[in-house]
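Written out below as structure tokens is the structure these notes cover.
The numbers here are math on the coordinates, done by the rules we state, and not lab data. Bear in mind that the values here come from a model prediction, so they are computed numbers and not experimental data. Here Cβ is always computed from backbone atoms with ideal geometry, including for glycine, and neighbour counts include all displayed protein chains.
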2 protein chains.
Amino acid sequence: MALRVGVIGGGQLARMMVPPAVHLGLEISVLAETEGSSARLAATQVGDYHDVETVLAFARGVDAITFDHEHVPQTVLRALVDAGVEVHPSPEALFVAQDKLVMRERLSALGLPVPDWARLETAADLDAFLADHGGRVVVKTARGGYDGKGVRVVSSSHEVADWFDGLSDPATGGALLAEELVDFRRELAQSVARRPSGEIVAWPVVESIQRDGVCAEVLAPAPRSTGRIADIAEDIARRVATELGVTGVLAVELFETNDDRILINELAMRPHNTGHWSIDGSTTSQFEQHLRAVLDLPLGDTGTHADWSVMVNVLGGPSDGTMANRLPALMADQPGAKVHDYGKEPRPGRKVGHVTTLGDDLDDVVYRARAAAEFFAG
Amino acid sequence: MALRVGVIGGGQLARMMVPPAVHLGLEISVLAETEGSSARLAATQVGDYHDVETVLAFARGVDAITFDHEHVPQTVLRALVDAGVEVHPSPEALFVAQDKLVMRERLSALGLPVPDWARLETAADLDAFLADHGGRVVVKTARGGYDGKGVRVVSSSHEVADWFDGLSDPATGGALLAEELVDFRRELAQSVARRPSGEIVAWPVVESIQRDGVCAEVLAPAPRSTGRIADIAEDIARRVATELGVTGVLAVELFETNDDRILINELAMRPHNTGHWSIDGSTTSQFEQHLRAVLDLPLGDTGTHADWSVMVNVLGGPSDGTMANRLPALMADQPGAKVHDYGKEPRPGRKVGHVTTLGDDLDDVVYRARAAAEFFAG
């Protein structure tokens, strides 16, 4: 019997789990939110992941359930576990990724390096935090944010008055998170995979270049990531995975500060945009590794095919059609570029695909990746 | 609109077209012979490819039709073309791959190097060919053979009396093919891809090791393939592709003779077992390239990720279950091996999967590939 994995959520992360499932002989099924989802090829069911019965029916007969996103409610996750379903990552681990305040509390309790932070229930809490941190800080909603949404840099509590007003809704968790504005040199990301029986493997730490709060480019490995930086990043991610009991891929977004500290920014308990380079650049991609990990199969080699891999997101996509229209021109120009089209309708700012290039000269690899992605812009 | 490709036949070649289709954002559909085919994930229809109406209905709305195998009847292929469907390779090209006598005639007429051969309509024809070629020759059925089926080494016409008796069936083409028994050092294979607008790219020539008439192992590139051998092999394949108007991937199986000649053995106008290494070992796999070629998209870079890639077939598979049962042990032993499980029931001699390893020391890469495949044997 083939091993069977069910993925909740039909986005591009579920879509990109399909190729390694095909190669490894795994049966993959997807519970998609809508018809025509990015992962439609494997979408055996369209339904609401908030509905316990829908999700229980979807999970029947699979060897493991995993996720395209972190939004499945705890009540649904717990019902799956109670029904004897293998759920990876576990509800306990996912809870930490679902609430930024819980995350900060857990990471701080573990002694892991995080920016200064505070729990905000009132404007007065924020005023106090502002006074202690130079009058300008980051405020985040505890739940529901992604890709820069739910994040504001503020100098006054008036700038998040709407968020404070909204805290009476229990779905918000009842509080906001304030963080110091970190004086950072650059952003890094460290991905690891951990299987239930405990094995962990790490890819090289990468540099992530953000634009408007969204990941725009990833350089793998991070340039000038000396042994020290790479060691610290990997050690942090291994500790997070172990201490929080994460199963599957864990991506830890990091700040490299101007005073040479490494601080944890965010966690994602699933394949992550900063790991897409691994599809073309690593012996084992983050998508194959995630499938292996959630099925408790031994993990794969994370060596790289080239000195440098660079991934550039296609954000928004062509204004006059789809990525497919631009494929011939790109392919003619760059026979070595690896194009990934998520099968989504172009829309301003939307992640509709990415391009990866490999090589031994970083400047050249970056140039080619940017030029390739540019074919799909405007 | 996404580009749409339809594949006739639901075997492992169709299955392995799915991953690159997903990445490139192509919509792929498969007309499978049976439920539960190897390519079942993309099988939008189950039906008989001998039936014109079935195939015409399947082809509606696709940008190109291509194939998992070469068995679609000419009448069906011509009906598709008449209906305005892009068919790649074309019926004219496929005709040459469907009939070994036609192939020999065309290749000989083009002056390409082939073993001595003869068309046999009667036992007397074979007796004459035997007399001229040392009393021991190869006889092949003109149509329908694959993986060693339809091939016999004979010293007397009695040994193929059943085949002569069968020639009254027009499906046989009415004749057999006799070939000299080539005194060869080893077998090579040269794959190229050609798009309708004429562009051709080649992968490195590989060595193919056969057991019982079936491809067992492939070493890429072929060891000790000096510039001369590589150049001749590539030149032959480019000429075949151009002269026969092949579109998509063309694999040319070659003999390297003990007197240092390169002779054409067989042609396959589709991704081929000798090119499976390219999934893990080349920037552009033969499956991605085939999709690009049949859609007339510019072709991809055929550079390699490592000095050596070695592929070993999993023939038969485990006697006590499926490949999935053996996956954990293999993965624990070889985190760098790339496993491909075709999702087929094990059966003696059946190709149910393959394993590829990469590295810079050929002996080590061969050892690891064989050891990996061994996990699925017995």
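Here is how the numbers come out for the structure above:
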item: Relative contact order for chain A, counting Cα pairs under 8 Å that sit 6 or more residues apart, in percent; result: 13 percent
item: Convex hull volume per residue for segment A:116-180, taking Cα atoms only, in Å³; result: 70 Å³
item: Max mean-square fluctuation residue, GNM over chain A, Cα-Cα springs under 10 Å, options A:313, A:258, A:273; result: A:258
item: Distance between modelled label sites at residue B:48 and residue B:82, nm, 7 Å Cα→Cβ extension; result: 1.9 nm
item: Exceeding the 18 Å Cα-Cα cut-off - candidates B:149/B:338; A:149/A:351; B:149/B:351; A:100/A:351; B:100/B:140; A:100/A:140; result: B:149/B:338; A:100/A:351
item: Stokes-Einstein D in µm²/s, Kirkwood radius over Cα pairs - the protein assembly as shown at 20 °C with 1.002 mPa s viscosity; result: 77 µm²/s
item: Convex hull (Cα only) mean projected area of segment A:1-156, reported in nm² to one decimal; result: 11.4 nm²
item: Charge context of residue B:171, other residues only, Cβ under 12 angstrom, K/R +1, D/E -1; result: -1
item: Global form of chain A, assessed from the alpha-carbon gyration tensor, a/c cut-off 1.5; result: rounded
item: Whether segment B:4-87 is rounded, prolate or oblate, judged on the alpha carbon gyration tensor where a/c under 1.5 counts as rounded; result: oblate
item: Positive-end extreme of charge dipole, chain A - chosen from A:6, A:49, A:107 (charges on Cβ); result: A:6
item: Among A:230, A:332, A:142, residue whose mean-square fluctuation peaks in a GNM of chain A (springs only between Cα atoms under 10 Å); result: A:332
item: Amide proton proximity set for residue B:305, modelled H, under 5 Å, gap of 5+; result: B:282, B:283
item: Exam field: residue A:78 pseudo-label spacings to other copies (7 Å along Cα-Cβ), nanometres; result: 7.0
item: Estimated translational D of segment B:184-374 in µm²/s (Stokes, Kirkwood radius over Cα pairs; 20 °C; 1.002 mPa s); result: 127 µm²/s
item: Cα centre as origin, Lys/Arg/Asp/Glu Cβ charges: segment B:242-378 dipole, Debye; result: 660 debye
item: Sum of side-chain charges, residue A:282 neighbourhood, beta-carbon under 11 Å (Lys, Arg +1; Asp, Glu -1); result: -3
item: Taking only Cα atoms of segment B:51-132, radius of gyration then Dmax in Å; result: 17.2, 55
item: Options A:298, B:83, A:237, ranked by Cα towards positive dipole end of the protein assembly as shown, top entry (Cβ charges); result: B:83
